[in-house]
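Working notes, beginning with the structure itself.
The values are calculated or read from the model by the stated rules, or taken from the named source; none is laboratory data. What you see is a predicted model, and the numbers here were worked out from it, not measured in a lab. Glycine also receives a Cβ, built like all others from the backbone with ideal geometry; neighbour counts cover every protein chain displayed. What goes into the accessible areas is simple: the full protein's heavy atoms, side chains included, and nothing from ligands, DNA or RNA. Shrake-Rupley method; radii C 1.70, N 1.55, O 1.52, S 1.80 Å.
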Amino acid sequence: MKRILFAVVIGVLFLAFLPAQGTPPRADKADPAAEMMKNLQAVSTPEAVPARAKAGFDSITAGDLMAMLAFLSHDALEGREAASRGYDTAAAYAQSLFALWGLQPGGDMPKAPAAGFFGPEPGRQPAKPERGFLQEFVMKEAVESQAAAVLETLSGTARGSRAFAPDVDFTFSSSLPLEVSAPLVFAGYGISEKQAGWDDLAGIDVKDRIVLILSDAPGRDDPASPFQKNKELKEKYLAAAPMMRRGGGADFAKAGELFKRGAAAVLIARSSLADGDIQQEIVDRRRVNDDKPILPDSRKRLLIPGAKGMPWEGRPILRVSREMADALLAVAGKTVDALQQEIAARWRPRSLALPGTSLRLSNRVRYELARSANVVGWIEGSDPALRDEAVVIGGHLDHLGRKGDYIFNGAEDNGSGACGVLAMARALALNPEKPKRSVVFCLWTGEEEGLLGSRWYVQHPLFAMEKTLAYLNLDMIAVPWDEKGLGRMTRMMNIKADELLKRIRPDRFLPLSLSAGAPDLREALTAANRSAGMDILYRETPRSLDRMSGGSDHAPFAMAGRPWAFVLSGMGENYHTPADSIEKLGGDTMERVSRLVFLAAFLLADK
Ligand SMILES: [Zn+2]
């Protein structure tokens, strides 16, 4: 699984250089490698660090970062799962460091102490409430959930119904309750690429319907398929990476498009059973493999009561078995096989309504309450006219916790980023000069459960969002790239990137995502890198994020319309496993990335 995830993240990073669903093929046909070149800033001879920020910049060292990481990734913190003792210990550690370095507390104001039984003592001034470093909030924990799917058919006067079993006939896991019942339609592969002459959604109405589609694209192994002939479509829908094949990348985007058109739910059946059907994947997930234990992803399922979900949440996407898909198509006298043959016969979509069929989906959830806290500290700007504006730097402090005897130490994810935030806070605290604007340092809880801490902060910011110049997010900054990884990336993306590889020093390589239309932020990063000396590939992303590009704490800031940058160096193969521990890591990449982000934030706040 790990390798595949690596592919996914790389996919996301580089898909940016490929067109989104439905966008017309570029007339200039500029190849992705050329696009990349334009966005590459390779700095092999760094310039001197601007004097105003030099002391802080130099104070960030690999040794200190590793020293802090040794604590945060220690077994004693039991993987720092949100709303656990391990996480609270990590938060206590961070706030004591913020206090030690003289940062100002940016957390909650203490609640007014309850007056004693006889009320406040006459003449005694109540102590002036002091803000703390913790920004605490209550969450709902889904401790149990039960999904159900029931097909109801009406053929003539004959009524029928059939119940399907979760984690046998279909997979669906959500911590949100669900009740939906709607007619069914079949929408082929769910692809709408009008410019390429293929539109499965033409002529069918998906609004308020449950839509059954097939994964990938037609003709996975047939060179006659239009999806084999068109390079861009092939890359998008028939990507090599298995994860992309298993309802990853393109299938999410298809579902997103169907939801935009008003679909009530989306069912994805595998178009090819070459790797087995969904049952295979369910059983594989349970297979114990001593070398690389794959533990059931039983992370806590937490959500913020009453909070608006992320755009991709609450949209039921089920993966269904071939048997279930055929049962849904039976009333129309069809099977998946038959429909695939009809499609391949003339390479034409073959979507159809399924009159007389409807599906009832439900998800019953039992909740309990839990609480956790972000850690927030800040340093005031030096310019009275501008210090009410702020640049925010952050990274999540939580991780996956422990599962039985296995502890997910989360050294790389995201102990490394959290240590980067701590080191930058100390750097600015000891740097004699302060930038004109204020700088806020945040360590988030609940990222692994849905970006909960950063979403809470954006709703309850220390500096109003309109006063927040930008948010700089660090998530996994310890693992450097290597030749192999870069080679794999360019091969996977079928990009002849020899030129690119010639200009990139793998261990200095950093693909950096940032919001489009934020010239000051881009300029600050570019200027900072002239001193930090990395080989940065900038990837500007439209403000509207999806599940793939929004997978970390920059997403809530993006949705609040704030400029953002997302820094993720390479991605180790121990991602989200108990093997993500400190002895596999070095401090050099953490030092380089933290110095880069420190200087960029300083220059932006000092602009
Ligand atoms: Zn992470």
Report summary line: Filtering segment 94-129 down to residues that are modelled with pLDDT under 95 and under 18 Å from V440 (Cβ atoms) yields D108, M109
**Report entry** Test for E447: is it open to solvent by 10 Å² or more (accessible area, probe 1.4 Å), in the same structural domain as H74 (by TED's automatic domain parsing) and within 13 Å of the ligand (Cβ to nearest atom)
**Finding:** yes
Report summary line: Within segment 425-437, residues open to solvent by 10 Å² or more (accessible area, probe 1.4 Å) and not in a loop (DSSP other than H, G, I, E, B) come out as R426, A429, L430
Report task. Would you be able to tell me the number of residues in segment 342-372 that are farther than 30 Å from A142 by Cβ and hydrophobic (A, V, I, L, M, F, W, C)? Result -> 7
Report summary line: Taking segment 374-390 and the residues there that are assigned to a strand (DSSP E or B) and not polar (S, T, N, Q), the one that is surrounded by the fewest Cβ atoms within 10 Å (Cβ to Cβ) would be W378
Query raised in the report: Picking from R52, R85, which residue would you name as being closer than 29 Å to F509 by Cα and modelled with pLDDT of 95 or more?
Result: R52
Query raised in the report: Looking at segment 391-444, which of its residues are within 16 Å of the ligand (Cβ to nearest atom) and of a type in the set (K, R)?
Result: none
**Report entry** Test set (1) more than 24 Å from M37 (Cβ to Cβ); (2) outside any helix (DSSP H, G or I); (3) among the hydrophobic types (A, V, I, L, M, F, W, C) - M590 fails condition number
**Finding:** (2)
Query raised in the report: How about segment 331-354: which of its residues are in contact with a strand residue (DSSP E or B) (Cβ under 8 Å, 6 or more places away or on another chain) and over 20 Å from E193 (Cβ atoms)?
Result: V331, A332, K334, V336, A353, L354
Report task. Check whether at least one residue in segment 350-373 is within 30 Å of R437 (Cα to Cα) and either away from the ligand (no atom under 16 Å from the Cβ) or touching a residue at least 60 places away in the same chain (Cβ under 8 Å) (or both), and report yes or no. Result -> yes
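Residue-wise test of (1) of a type in the set (F, W, Y); (2) touching a Lys or Arg at 6+ places or on another chain (Cβ under 9 Å); (3) assigned by TED's automatic domain parsing to the domain that holds M68.
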residue: F509; (1), (2), (3): yes, no, yes
residue: D520; (1), (2), (3): no, yes, yes
residue: R530; (1), (2), (3): no, no, yes
residue: G533; (1), (2), (3): no, yes, yes
residue: V567; (1), (2), (3): no, no, yes
residue: G570; (1), (2), (3): no, no, yes
residue: E591; (1), (2), (3): no, no, yes
residue: A600; (1), (2), (3): no, no, yes
Query raised in the report: For V376, are the conditions met, namely being away from the ligand (no atom under 16 Å from the Cβ) and touching a helix residue (DSSP H, G or I) at 6+ places or on another chain (Cβ under 7 Å)?
Result: no
